[in-house]
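One structure is given below, encoded as structure tokens.
Values quoted throughout were computed directly from the atomic coordinates according to the rules given, and no laboratory measurement underlies them. Owing to the predicted nature of the structure, the values given are computational and were not obtained by experimental measurement. Note that we place each Cβ from the backbone using ideal geometry, even for glycine, and neighbour counts take in every protein chain shown.
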Amino acid sequence: MTVEARPATLARGREITVTGIDGAGKSTLAARLHQALNDAGHPSILIGKHSTAVPMDAELSAYLDRLNEVVYRRDTRVAQACGDHYWLLALAAWYTLQDKLVIQPALAAGTHVVLDNAHHKILARYAVNPGVSTRLAEQVFAHLTEPDLVIFLRVGAREALLRKGEFTSLETGHSGSGDEDFIRYQNTVLAQLQEQSEDGGWLSLDVTSMDRDTVFKTAAGTLADRLQLTI
Ligand SMILES: Nc1ncnc2c1ncn2[C@@H]1O[C@H](COP(=O)(O)OP(=O)(O)OP(=O)(O)O)[C@@H](O)[C@H]1O
Ligand SMILES: [Mg+2]
């Protein structure tokens, strides 16, 4: 009688997320990490605000696309009419579905997940918004999968503005349309993210004078040290 070898237990994938204020370089780093992981033979997916794919499920993908349209392709007048509580809950719905339909199944299948901009920046924006309870904002994201690594790209708002070049009203917290409005608002969001980072474990990088390559190499070093992922 032959004894079949038991399949090796599938190692769970790792979730890596990038946070920071608007223009900090999150999407740039997330895309580079995703590419490097796959190039090194570590299957991974990249999730950002344009992601709608639920693997092997056209119906759920179509549903996620409709939710993306509601949350991210919004008209300014509609956005203002709906108000802050509505947008908090809509964003929580988006993160909830990405987590349940895409992130959790990928991790369980051994695929790594790079999440461009987890909920931390949203939480920071609401924490500096006196019109919405911070406790409520914390609670609507509390059930999401805890990332294995949070990379916090720290850059002052003035430098972020130079990088971005232009910004929307949302990115000044609807406080005005001038550069100083962006800088004042983003620096309060940055201070709040800094507070969150003190709770533990984040890789907090001052990227003010780091070029894209140096940011990537520093993040890659931490993936190797903390997650044993060599890229
Ligand atoms: N280390 C860096 N040094 C200089 N410029 C950078 C660096 N990283 C990214 N950039 C540039 O800064 C701009 C903003 O980068 P990116 O879109 O990655 O930021 P983001 O944090 O995703 O912004 P948003 O919050 O608006 O999505 C882009 O033009 C990008 O090429
Ligand atoms: Mg981005």
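Quick notes on this structure:
- Taking each residue as 0.36 nm, the span from residue 9 to residue 143 lengthens on full extension beyond its C-alpha to C-alpha distance by 45.6 nm.
- Global geometry of the stretch 1-110, whether rounded, prolate or oblate, following the gyration tensor of its Cα atoms and the 1.5 cut on a/c: prolate
- Once the chain from residue 228 to residue 163 is taken as fully extended at 0.36 nm per residue, the excess over their C-alpha distance is 20.2 nm.
- Of the trypsin sites (Lys or Arg not before Pro) found in the stretch 56-123, those in coil by DSSP whose Cβ has at most 12 other Cβ atoms within 10 Å are 73.
- Label separation (residue 86 vs residue 57): 2.8 nm, computed from points 7 Å beyond Cα along the C-beta direction.
- If the chain linking residue 31 and residue 180 were pulled fully straight, counting 0.36 nm for each residue of separation and taking away their Cα-Cα distance, it would gain 50.7 nm.
- Gyration tensor (alpha-carbon) shape descriptor, the stretch 149-223, a/c threshold 1.5: oblate
- Packing, taken as the mean count of other beta carbons within 10 Å per residue, orders the peptides 10-20, 44-54, 197-207 from highest to lowest as 10-20, 44-54, 197-207.
- Euclidean distance of C-alpha centroids, the stretch 46-86 and the stretch 155-210, integer Å: 24 Å
- Electrostatic tally near residue 177: other residues with Cβ closer than 13 Å to its Cβ, Lys and Arg +1, Asp and Glu -1, net -4.
- Qualifying lysines (Cα of each under 30 Å from Cα of residue 100; at least 8 residues distant if same chain): 26, 49, 121
- Each Lys and Arg Cβ is given +1 and each Asp and Glu Cβ -1; about its Cα centre, the chain then shows a dipole of about 120 debye.
- When each of the peptides 157-163, 21-27 is scored by the mean number of other C-beta atoms lying within 10 Å of its residues, the order from highest to lowest reads 21-27, 157-163.
- Over the stretch 61-124 - Rg/Rh using Cα atoms and the Kirkwood inverse-distance radius: 1.02
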